[in-house]
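S.K.: Below you will find the structure I want to go over with you.
The values are calculated or read from the model by the stated rules, or taken from the named source; none is laboratory data. Please read these numbers as outputs of a predicted model, since none were measured by experiment. FYI the Cβ positions are ideal-geometry reconstructions off the backbone, even for glycines, and counts take in every protein chain you see.
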Amino acid sequence: MVFSALTWLAISAERSFFMFPYKQESWYRFLLPSQFVVQDKPVIMLAGPSTVRENLRWEQVQEAFPDYHIYQGGISLGTIEDVTIALKLIEAAYGEDALPDYVVLGLGPRFIANLPPDRPFKSIVDTYSPWSVTTGPNGVELHKKSLFGTARSKIRFVGKQPERFRSALRAWAAYWGRAFEEWPIGESILRQTGLLNMWQSQVERQGRLVSPYKFARSVGLNEADLANFMSGGWWESVFDWDARKNSGAAAERLRQLMEFLDAHGIGIAVVNMPERSYSRDRFTFEYNDYLGAVHDGIGQAPFLDLSVFAHDSEFFDAEHTIPEGSQRLTAHVTAWIQSLLN
């Protein structure tokens, strides 16, 4: 009974408040049917890696497009293959009507290079969903598991529900906290008891915990800390990626995504996401080779290159912006999307 009640609270919060469950593990959101309820208005999905989640503020886009439903579909450590998997999973699990009508695709060198090679999203789908993922000559494909395999995956996913429930309780706490504060009697009580500032702070904190943004209150890393953070590990393979040698494979992955979108009548606009000068200075490939692969893959799709749009002071790390940068970037992208839709 407790589990059922918490599940109902979670579903209600996810549908009513556009909360962002699994803030630290965004991959699991694609396994929640409540995230993909068929809307009574067209859907724009912001798709791509975590830079889309941090740099394109969905609430700002929603305000600019009140006649659309905006879904924040950025995937931590996501790549081009992961976006294709996500869209195919939405179609398979929730039906073709649950697919977006328009996709704003944010990308960068790491994204189309498909790096790092071992990423969480595919493993999450394989482990916790009724589908398994394979990669072949025609790109990524989903395959329905057996009845036993499906049951085992769903039982495994039960173990991931506590974090979902915590997010829902935080969303409800923020909702009722704001409602009490806005109620004249409630506000009067809070003022008379001297609790108003503390109350507002806690309500803001609960709302922040279910927002998409991990760096909402961060300041940018200095050059020394950034270099230490990004030295070694898989980021070296991104910096050393041979764009010229691998451009054909990268373009083909993009083409496979574009073919899926075209086959389902989904519009597309592509944004080359901004990079801090630290990254641009570390790339060993010719940037035009990377852009060439992008253009080969997307064909005639609208393309906006914002690689040098943000200032270094607007970044937290090499690619994720802090609010000052993301708000300015989102306003620029939103104006561009408006011109395309018009």
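S.K.: Every residue in segment 188-203 that is part of a helix (DSSP H, G or I) and not hydroxyl-bearing (Ser, Thr, Tyr), please.
M.R.: Ile189, Leu190, Arg191, Gln192, Leu196, Asn197, Met198, Trp199, Gln200, Gln202, Val203
S.K.: Kindly indicate whether any position in segment 159-174 is outside any helix (DSSP H, G or I) and free of Cβ contacts under 8 Å to residues at least 40 places away in the same chain. Break it down into steps so the answer makes sense when it comes.
M.R.: Start the filter on segment 159-174 by keeping residues that are outside any helix (DSSP H, G or I), which leaves 159-160.
If we keep only those that are free of Cβ contacts under 8 Å to residues at least 40 places away in the same chain too, we end up with 159.
Checked segment 159-174: at least one residue is outside any helix (DSSP H, G or I) and free of Cβ contacts under 8 Å to residues at least 40 places away in the same chain.
S.K.: Those residues that are of a type in the set (A, V, I, L, M, F, W, C), over 14 Å from Thr79 (Cα atoms) and in a helix (DSSP H, G or I), I need them from segment 236-283; list them, please.
M.R.: Phe239, Ala243, Met258, Phe260, Leu261, Ala263
S.K.: Among the numbered criteria (1) crowded, with 16+ Cβ neighbours inside 10 Å; (2) under 24 Å from Trp27 (Cβ atoms); (3) not small (Gly, Ala, Ser), which one does Leu196 miss?
M.R.: Single failed check for Leu196: (2).
S.K.: Related question: What number goes with the only condition from (1) modelled with pLDDT under 95; (2) in contact with a helix residue (DSSP H, G or I) (Cβ under 9 Å, 6 or more places away or on another chain) that Gly232 does not pass?
M.R.: (2)
S.K.: Of everything in segment 53-78 that's outside any helix (DSSP H, G or I) and in contact with a Gly (Cβ under 9 Å, 6 or more places away or on another chain), which residue is surrounded by the fewest Cβ atoms within 10 Å (Cβ to Cβ)?
M.R.: Out of the qualifying residues, it is Gly74.
S.K.: While we're here: Being touching a residue at least 24 places away in the same chain (Cβ under 8 Å), among the hydrophobic types (A, V, I, L, M, F, W, C), part of a helix (DSSP H, G or I) and closer than 22 Å to Glu252 by Cα is true for just one of Val104, Val125, Val83. Which residue is that?
M.R.: Val83
S.K.: Given the conditions (1) in contact (Cβ under 8 Å) with a residue 24 or more places away in the chain; (2) small (Gly, Ala, Ser); (3) on the phi > 0 side of the Ramachandran plot, which single one is not true for Ser237?
M.R.: Failed condition: (3).
S.K.: Just to be sure I understand, how many residues within segment 249-269 are under 18 Å from Arg110 (Cα atoms) and of a type in the set (A, V, I, L, M, F, W, C)?
M.R.: Start the filter on segment 249-269 by keeping residues that are under 18 Å from Arg110 (Cα atoms), which leaves 249-257.
Subsequent filtering for residues that are of a type in the set (A, V, I, L, M, F, W, C) retains 249-251, 254, 257.
The number of residues fulfilling the criteria is 5.
S.K.: Is one or more of the residues making up segment 306-315 closer than 16 Å to Val103 by Cα, part of a loop (DSSP other than H, G, I, E, B) and either among the polar types (S, T, N, Q) or not assigned by TED's automatic domain parsing to the domain that holds Ala249 (or both)?
M.R.: no
S.K.: Could you list, in sequence order, the residues of segment 76-104 that are of a type outside the set (Gly, Ala, Ser) and closer than 23 Å to Phe239 by Cβ?
M.R.: To start, the set of residues in segment 76-104 that are of a type outside the set (Gly, Ala, Ser) comprises 77, 79-85, 87-91, 94, 96-97, 99-104.
Those that are of a type outside the set (Gly, Ala, Ser) and closer than 23 Å to Phe239 by Cβ: Leu77, Thr79, Ile80, Glu81, Asp82, Val83.
S.K.: Right, another one. Condition first: acidic (Asp, Glu) and farther than 20 Å from His264 by Cβ. Now tell me which residues in segment 99-156 satisfy that.
M.R.: Within segment 99-156, Asp118, Asp126 meet the criteria.
S.K.: Based on this model, can you work out whether Val52 counts as at pLDDT 95 or above and assigned by TED's automatic domain parsing to the domain that holds Asp101? Walk me through how you get there before you give the answer.
M.R.: Working: at pLDDT 95 or above: yes; assigned by TED's automatic domain parsing to the domain that holds Asp101: yes.
Considered against the rule, which asks whether it is at pLDDT 95 or above and assigned by TED's automatic domain parsing to the domain that holds Asp101, Val52 comes out as yes.
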